[in-house]
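Here is the structure we will look at.
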Amino acid sequence: MTEQQEGIQSKTLEELQTLFTTLGEKPFRAKQLYQWLHQRLARDYDSMTNLPAALRARLARDYPLTILSPAHTQVSRIDGTTKYLFVLPDGNMIESVLMKYKHGNSVCISSQAGCRMGCTFCASAIGGLSRSLTPAEMLEQIYQIQLLSGERVHNVVVMGTGEPLDNYENLLRFLQILTGTEGLNISQRNITVSTCGLAPQIRALAKEKLQITLALSLHAPNQEKREKLMPVARKYPLFEVLDACRYYFEHTGRRLTFEYSLAAGINDSDEDARQLATLLLPMHGHVNLIMINPVRERRFVRPTREAAQNFKIKLEKYGINVTIRREMGSDIDGACGQLRKRFAGGQKERTR
């Protein structure tokens, strides 16, 4: 991907200063541009009135801004959760979600157009991976939602379509820009990154010593079941993934979240609860039970609310810290990838 294709919003402040020096511009102009891009959320160069007209024209010609096009919006009548479908500059589609809580607004963003992890219960994996998103495209989801909603985003969850750690370098740059004081300055502690278990990348992320929350998509209490649900488990066995999670906690001091999607008759038995508790009791973490979202192309069925509550009680009796995730936007396309797939019409999107 060329520098222009990656997007000027993908550059850190230091990289912009280096670029401006190369262009023969004064370095302080880079800070002005950076603030327009990441604080004022400018949609075009013309609005950047404290930059010289000649510079604005040059930037517009050589460094077009990465702007996502809103294609469709679904708003829940139950709780106001809003799901957005955005079109990327190359025509690929991604989803983002705005969830409103008493403690502030949370946005769930995508890190890839499609996904190659192949989890059997997930709509995002249907059709495979088109490509990874640039830092600019990840940031732009948050910026667009702030502009469209007129409300400040307080928390960010990288848990939409795609595997964030499969887009590792772009994820790190995205986090740096998002949490920087010259940008939206969102606290690292208000950011959650989800992974299906790429053990080497979990260890690498631990060495960055960020204060983000890492969420492991676990979904099974043992290796055999996990392999059936999540093909990535064949490459990174459960013992290796959990060892990487321990390493993450030791290096960051941040407690992990273990996501566990309950599917009736698949992973919700008393024995599943016992095995899950045995697996996680030595871990420093919290279990987040999720009522699985039915996907037309998959045959998984969500358990009853009573069954989920019973599973929770069993885990608690074993000493596990657990909650059932509050369902948001249950009357709109709930599962990651459903809205995107519906609009894509099953056609293979363009790749690059």
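Given the conditions (1) surrounded by fewer than 16 Cβ atoms within 10 Å (Cβ to Cβ); (2) in a strand (DSSP E or B); (3) among the basic types (Lys, Arg), report the number of the one that ARG61 does not fulfil.
Among (1) surrounded by fewer than 16 Cβ atoms within 10 Å (Cβ to Cβ); (2) in a strand (DSSP E or B); (3) among the basic types (Lys, Arg), ARG61 violates only (2).
Whether any residue in the stretch 328-351 is modelled with pLDDT of 95 or more, of a type outside the set (Phe, Trp, Tyr), at positive phi and assigned to a loop (DSSP other than H, G, I, E, B) is what I want to check. Please lay out each step first, then the result.
Quick first cut of the stretch 328-351, residues modelled with pLDDT of 95 or more only: none.
No, because not a single residue in the stretch 328-351 is modelled with pLDDT of 95 or more, of a type outside the set (Phe, Trp, Tyr), at positive phi and assigned to a loop (DSSP other than H, G, I, E, B).
Quick grid of which residues meet (1) buried (at least 21 other Cβ atoms within 10 Å of the Cβ); (2) touching a residue at least 40 places away in the same chain (Cβ under 8 Å); (3) touching an Asp or Glu at 6+ places or on another chain (Cβ under 8 Å):
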| residue | (1), (2), (3) |
| --- | --- |
| LEU133 | yes, yes, no |
| LEU147 | no, yes, no |
| VAL157 | no, yes, no |
| ILE191 | no, no, no |
| ARG226 | yes, no, no |
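Looking at (1) farther than 27 Å from ASN190 by Cβ; (2) touching a residue at least 24 places away in the same chain (Cβ under 8 Å), which is the only condition PHE239 fails?
Tallying (1) farther than 27 Å from ASN190 by Cβ; (2) touching a residue at least 24 places away in the same chain (Cβ under 8 Å), PHE239 fails exactly one: (2).
Among the residues of the stretch 119-132, what is the count of those that are closer than 16 Å to SER194 by Cβ and at pLDDT below 95?
Taking the stretch 119-132 and keeping what is closer than 16 Å to SER194 by Cβ, we get 119, 121-125, 132.
Still in the running and at pLDDT below 95: 119, 121-125.
Selection size over the stretch 119-132: 6.
Failed condition for LYS26, given (1) at positive phi; (2) more than 24 Å from the chain's Cα centre (by Cα), with all others met?
Every listed condition holds for LYS26 apart from (1).
Find the residue count for the stretch 91-105, including only residues that are surrounded by 14 or more Cβ atoms within 10 Å (Cβ to Cβ) and either of a type outside the set (S, T, N, Q) or part of a strand (DSSP E or B) (or both). Lay out the reasoning, then the answer.
Just the residues of the stretch 91-105 that are surrounded by 14 or more Cβ atoms within 10 Å (Cβ to Cβ), to begin with: 92-100, 105.
Pick out the ones that are also either of a type outside the set (S, T, N, Q) or part of a strand (DSSP E or B) (or both) and you get 93-100, 105.
Qualifying residue count for the region: 9.
In the stretch 193-224, which residues are closer than 30 Å to LEU41 by Cα and surrounded by 15 or more Cβ atoms within 10 Å (Cβ to Cβ)? Full working, then the answer.
The initial filter retains those residues of the stretch 193-224 that are closer than 30 Å to LEU41 by Cα, namely 193-195, 205, 208-215.
VAL193, SER194, THR195, LEU205, LEU210, ILE212, THR213, LEU214, ALA215 - these are the residues of the stretch 193-224 that are closer than 30 Å to LEU41 by Cα and surrounded by 15 or more Cβ atoms within 10 Å (Cβ to Cβ).
Give me the residue from the stretch 160-177 that is out of contact with any Leu (no Cβ under 8 Å at 6 or more places or on another chain) and of a type in the set (S, T, N, Q) and, out of that set, surrounded by the most Cβ atoms within 10 Å (Cβ to Cβ).
By that ranking, first place goes to THR161.
Determine whether the stretch 265-278 contains at least one residue that is in contact (Cβ under 8 Å) with a residue 12 or more places away in the chain and more than 22 Å from GLY319 (Cα to Cα).
Among the residues of the stretch 265-278, at least one is in contact (Cβ under 8 Å) with a residue 12 or more places away in the chain and more than 22 Å from GLY319 (Cα to Cα), which makes the answer yes.
Starting from the stretch 159-188, keep only residues that are in the same structural domain as SER110 (by TED's automatic domain parsing) and aromatic (Phe, Trp, Tyr), then list their pairs with residues that are crowded, with 17+ Cβ neighbours inside 10 Å and at pLDDT 95 or above whose Cβ atoms are within a distance under 7 Å, requiring at least 6 positions of separation or different chains.
From residues that are in the same structural domain as SER110 (by TED's automatic domain parsing) and aromatic (Phe, Trp, Tyr), the pairs are TYR168/GLN201; PHE174/PRO135; PHE174/MET138; PHE174/LEU139.
The values are calculated or read from the model by the stated rules, or taken from the named source; none is laboratory data. Since this is a predicted model, take the numbers as computed values, not measurements. Heads up, the Cβs are rebuilt from the backbone with ideal geometry, glycines too, and the neighbour counts pull from every protein chain shown.
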